[in-house]
Each structure stands twice: as structure tokens, then as C-alpha cells.
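Peer 1: Input: one structure, supplied below.
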């Protein structure tokens with residue numbers, strides 16, 4: 001993977017994203033200082049819109065290599081765009097050894113991997129059940145973890161729509177605190193921490 005090319009492409013794209021989101025819903029970022037400047041890192045994000053990755057990447061000073069649904073890589077133009085911006089495919093709802101190894105490789109190269117632990121878009125904006133696969137990557141990689149709670153991206157591209165629209169409000173990317181887990185940490189301990197962080201970073205109370 002050409003990390004330099006991806007980083008350059010993202011830097012060039014950020015002014016374009018700024019102009020578009022300035023019209024549709026200006027991005028307001030909090031907690032950016034919490035993001036480690038170097039070293040391997042896992043970014044955990046709630047998933048409420050098809051523009052989540054764009055907003056999260058804009059709000060991050062570092063390049064994030066997102067796991068993206070494998071069916072998107074069957075669409076010729078979309079596939080090329082995703083790969084150019086550092087994304088890689090993952091099969092949903094089943095173990096995927098290939099994507100897991102690729103995520104580990106990226107982390108071993110001291111880069112950043114982005115994951116949606118819900119595994120799919122939320123229909124109503126509420127946090128869904130967290131899939132346990134992320135816990136294995138956290139434990140095996142030994143990478144620090146940080147959560148990013150998104151607000152308002154579902155107003156720009158609502159669930160079931162592909163057409164952006166003005167949200168008439170700020171789009172928020174709220175970064176949490178970095179946490180490191182020991183290899184002895186249980187699956188439940190890790191998932192509980194992720195859930196609590198995403199709840200804290202998003203305006204949710206009665207979560208599903």
C-alpha cells in the first residue's frame with residue numbers, strides 16, 4: 001500500500017470537502033488533540049451515514065485506512081476511489097482472515113485503521129449491537145484505541161439515500177480519549193469501553 005500517495009490525495013481532497021460541507025453542514029471537531037501524532041492506532045466510529053468516512057478523515061490529522069464493506073469493491077469506479085483513499089474490503093457478518101491480516105499489516109507499519117464496530121449503517125442513528133471481531137484486532141495488534149463520535153452526518157446523507165442535502169446544522173466529529181488494552185483484557189471489557197465511549201461522544205441515551 002502506498003501510504004505517501006494516499007496521504008497526499010487526502011491532503012488535496014480536504015479543501016474540497018471543506019467547501020462542500022460548508023454548504024451542507026460545516027464540520028466542527030472536538031478533541032483532535034487527543035489523537036496520537038505517530039504510531040499505530042485503531043479508530044472506532046459510530047456508523048450513521050454513507051459520508052461518515054469522509055467526515056472522520058477530514059476531522060483527523062492522520063490518514064485513516066478504513067475497513068469498508070466488500071460489495072463496494074465490486075463497483076468499478078467506487079472500488080478505485082476507495083483503494084486510492086486507503087480503504088480495504090471486509091466481509092460483513094462472517095470471519096474475514098484476509099481483511100484481518102491486512103489490518104494487522106497496516107498497524108504493524110505504524111499506520112491508522114478505522115473500524116465501524118456495528119458492521120452496518122444504523123437506520124435510526126442509534127448505536128447498534130457491537131460486533132466482537134474488533135476485540136481480536138485490538139488484542140493481537142496491541143494498538144492504542146480512540147473513538148470518534150459522529151453527529152449530523154445522517155442529516156447530510158440520510159439512511160437509504162445517496163443524494164446529499166443541506167443539514168442546516170453543524171456536523172460534529174467528537175474525539176475521545178486514547179486507551180490501551182492488555183492482551184488479557186476480555187471481549188466484554190473491550191466492547192463495554194467502546195460502547196461507553198461512543199455513548200459519551202454522541203447525543204444518545206436510549207440505545208439499541
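Peer 1: So, in segment 108-122, how many residues would count as being under 18 Å from residue 4 (Cβ atoms) and touching a strand residue (DSSP E or B) at 6+ places or on another chain (Cβ under 8 Å)?
Peer 2: The initial filter retains those residues of segment 108-122 that are under 18 Å from residue 4 (Cβ atoms), namely 108-113.
Still in the running and touching a strand residue (DSSP E or B) at 6+ places or on another chain (Cβ under 8 Å): 111-113.
The number of residues fulfilling the criteria is 3.
Peer 1: Can you go through 36, 95, 89 and tell me which one is outside any helix (DSSP H, G or I), in contact (Cβ under 8 Å) with a residue 60 or more places away in the chain and either surrounded by fewer than 17 Cβ atoms within 10 Å (Cβ to Cβ) or within 16 Å of the chain's Cα centre (by Cα) (or both)?
Peer 2: Details: 95 fails: in contact (Cβ under 8 Å) with a residue 60 or more places away in the chain; 89 fails: in contact (Cβ under 8 Å) with a residue 60 or more places away in the chain.
Only one candidate qualifies: 36.
Peer 1: Only one residue in 121, 104 is over 30 Å from residue 22 (Cβ atoms) and either surrounded by fewer than 18 Cβ atoms within 10 Å (Cβ to Cβ) or touching a helix residue (DSSP H, G or I) at 6+ places or on another chain (Cβ under 9 Å) (or both). Which one? Step through it out loud before you land on a result.
Peer 2: Details: 121 fails: over 30 Å from residue 22 (Cβ atoms).
Of 121, 104, the one residue that is over 30 Å from residue 22 (Cβ atoms) and either surrounded by fewer than 18 Cβ atoms within 10 Å (Cβ to Cβ) or touching a helix residue (DSSP H, G or I) at 6+ places or on another chain (Cβ under 9 Å) (or both) is 104.
Peer 1: Just need a number here: residues in segment 39-59 that are in contact (Cβ under 8 Å) with a residue 40 or more places away in the chain and assigned to a helix (DSSP H, G or I). Lay out the reasoning, then the answer.
Peer 2: From segment 39-59, those in contact (Cβ under 8 Å) with a residue 40 or more places away in the chain are 39-53, 55-59; that's our starting set.
Retained after the next criterion (residues that are assigned to a helix (DSSP H, G or I)): 52-53, 55-58.
Residues flagged as in contact (Cβ under 8 Å) with a residue 40 or more places away in the chain and assigned to a helix (DSSP H, G or I) within segment 39-59 amount to 6.
Peer 1: Can you name the number of the only condition in (1) surrounded by 14 or more Cβ atoms within 10 Å (Cβ to Cβ); (2) under 23 Å from residue 80 (Cβ atoms); (3) out of contact with any helix residue (DSSP H, G or I) (no Cβ under 6 Å at 6 or more places or on another chain) that residue 28 fails?
Peer 2: (2)
Peer 1: Let me ask something else. Count, please, the residues in segment 144-161 that happen to be crowded, with 23+ Cβ neighbours inside 10 Å and within 13 Å of residue 114 (Cα to Cα).
Peer 2: Counting residues in segment 144-161 that are crowded, with 23+ Cβ neighbours inside 10 Å and within 13 Å of residue 114 (Cα to Cα) gives 4.
Peer 1: Of the numbered conditions (1) touching a strand residue (DSSP E or B) at 6+ places or on another chain (Cβ under 8 Å); (2) farther than 22 Å from residue 121 by Cβ; (3) in contact (Cβ under 8 Å) with a residue 40 or more places away in the chain, residue 180 satisfies every one except a single condition; which is it?
Peer 2: (3)
No value in this document is a laboratory result; all are computed from the given coordinates. Note that the coordinates shown come from a computational prediction; the quantities given were computed from them, not determined experimentally. All Cβ positions, even for glycine, are placed from backbone atoms using ideal geometry, and neighbour counts span all protein chains on display.
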